[in-house]
Structure formats: structure tokens, C-alpha cells
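S.K.: Take this structure first; my questions come after.
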Amino acid sequence: MTYFGQLKGLSKIDAKTKAENYLRRVKLIDMATVRIDKLSGGQQQKIQLGITIMDDPELLILDEPTKGFDPVNRRLLMDIVQEHRQAGATVIFVTHQMEEVEQLCDRIILLKDGTARAYGKIEDVKREFGNLSLDDIFIKVYGDENEQTEGGNDV
């Protein structure tokens, strides 16, 4: 993380401090000297998010950052993303978890076969679909739940 922080323009001391603070927050400080390829997939995802936010970017593009996380770690990472959003960062967030969309997003786009099937402010999209929940809108746009395929539809 320190190395990537330096690549992003941070001094070595600042990068190391930010990395250590982040690792403490996500409960990985005891793994600070472990090679990333020796970490679990979830631990690697946490590190990737830490590297991404290390220099407080104005734009975050996240592709299913909580996929496979248990509720505790999912909440932790969502809180971190929300903090950056509240600090003014623009977040482009790809997910199939509509509760994450409700929590983080102002606008939504549902793409199917390369075409926007729903787009706009969440409350406007809900109104357009007869005040259905986002889960129900997702199902309506993408078809019956039994027809769903992994990874084919993006929000």
C-alpha cells in the first residue's frame, strides 16, 4: 500500500501512515507485512479499496466492491465509501445489491443488452415504475429471477 501511495504522489511517510490507519480500520494491521497473494480474496479486496482511496480521489469507480463479504465487512466497506461520498467524491458503483444502491446512490442506471432500461434519480425511477422497490424494478427490467445469469446485468 505504501508503494502505491507513493505512486499516487504521497510521501513515503504519508503513504505508510495512511496505509497503517486504513489497515487498522479494516482489521488487517496484523497482516501488514504479508504478501498480498497470501491473503484471502476478501482481504485482497479490502487492500484494493484502501489503495484506491489512499489519495482521496475525486472519482471512485467501484465494481462490486462488497461481493462475497459477510454483513460486518460489507457494512464496514460501505461506510468507508459513504464517507468519501460525503466528502465530495463522485462514486460510480456497479452492483447487483439494490440495498447498496439505496444507501449510496443518487442516480441509477439499469442496463440490459447495452440499453438503458431505467435511468435517473432513484425516486424518479421508482415513480416511473409505479413506486416499486428497486429489487422489484431490477426483476422487472431483467426478467424472472430464475432467468438471471451471473455477471450479465450491471447497475
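S.K.: Take the range 7-31 and flag every residue that is surrounded by 15 or more Cβ atoms within 10 Å (Cβ to Cβ) and more than 23 Å from the chain's Cα centre (by Cα).
M.R.: Leu10, Asp14, Lys16 - these are the residues of the range 7-31 that are surrounded by 15 or more Cβ atoms within 10 Å (Cβ to Cβ) and more than 23 Å from the chain's Cα centre (by Cα).
S.K.: Still on this structure, please answer the following. Please enumerate the residues belonging to the range 118-139 that are assigned to a strand (DSSP E or B) and either surrounded by 15 or more Cβ atoms within 10 Å (Cβ to Cβ) or in the same structural domain as Glu58 (by TED's automatic domain parsing) (or both). Before the answer, list the steps.
M.R.: Going residue by residue through the range 118-139, those that are assigned to a strand (DSSP E or B) are 118-121.
Correct list: Ala118, Gly120.
S.K.: Need the failing condition index for Val34 against (1) surrounded by 13 or more Cβ atoms within 10 Å (Cβ to Cβ); (2) farther than 30 Å from Lys126 by Cβ; (3) among the β-branched types (Val, Ile, Thr), just the number.
M.R.: Result: Val34 passes all but (1).
S.K.: Consider Gln45 carefully, then state whether it is under 13 Å from Leu77 (Cα atoms) and either assigned to a helix (DSSP H, G or I) or not assigned by TED's automatic domain parsing to the domain that holds Leu76 (or both).
M.R.: Details: under 13 Å from Leu77 (Cα atoms): yes; either assigned to a helix (DSSP H, G or I) or not assigned by TED's automatic domain parsing to the domain that holds Leu76 (or both): yes.
Judged against the criteria, Gln45 is a match.
S.K.: So, of the residues in the range 54-94 that are assigned to a loop (DSSP other than H, G, I, E, B) and of a type in the set (D, E, K, R), which turns out to be nearest to Val26 (Cα to Cα)? Before you say what the answer is, go through the steps one by one.
M.R.: First, pick out the residues of the range 54-94 that are assigned to a loop (DSSP other than H, G, I, E, B): 54-58, 64-70, 87-89.
Still in the running and of a type in the set (D, E, K, R): 55-56, 58, 64, 67, 70.
Details: Asp55: 17, Asp56: 17, Glu58: 22, Glu64: 18, Lys67: 16, Asp70: 13 Å.
Among those residues, the one meeting the criterion is Asp70.
S.K.: Please pick out the residue among Leu111, Leu39 that is within 30 Å of Gly143 (Cα to Cα) and aliphatic (A, V, I, L, M). Give the derivation first.
M.R.: Numbers: Leu39 fails: within 30 Å of Gly143 (Cα to Cα).
Step by step, each of Leu111, Leu39 is checked, and only Leu111 is within 30 Å of Gly143 (Cα to Cα) and aliphatic (A, V, I, L, M).
S.K.: Pairs only if they're at least six apart or on different chains, beta carbon under 6 angstrom, first in the range 81-93 and closer than 10 Å to Glu58 by Cβ, second loosely packed, with under 15 Cβ neighbours inside 10 Å; list them, first residue then second.
M.R.: Ala89/Glu58; Thr90/Leu59
S.K.: Let me ask something else about it. Would a scan of the range 34-41 turn up a residue that is modelled with pLDDT of 95 or more, in a helix (DSSP H, G or I) and closer than 18 Å to Leu77 by Cα?
M.R.: Checked against the condition, which is being modelled with pLDDT of 95 or more, in a helix (DSSP H, G or I) and closer than 18 Å to Leu77 by Cα, the range 34-41 yields no hits at all.
The values are calculated or read from the model by the stated rules, or taken from the named source; none is laboratory data. Here the structure is a predicted model, which means the values were calculated and not measured. Counting neighbours? That spans all protein chains shown, and the Cβs are built from the backbone with ideal geometry, glycine included.
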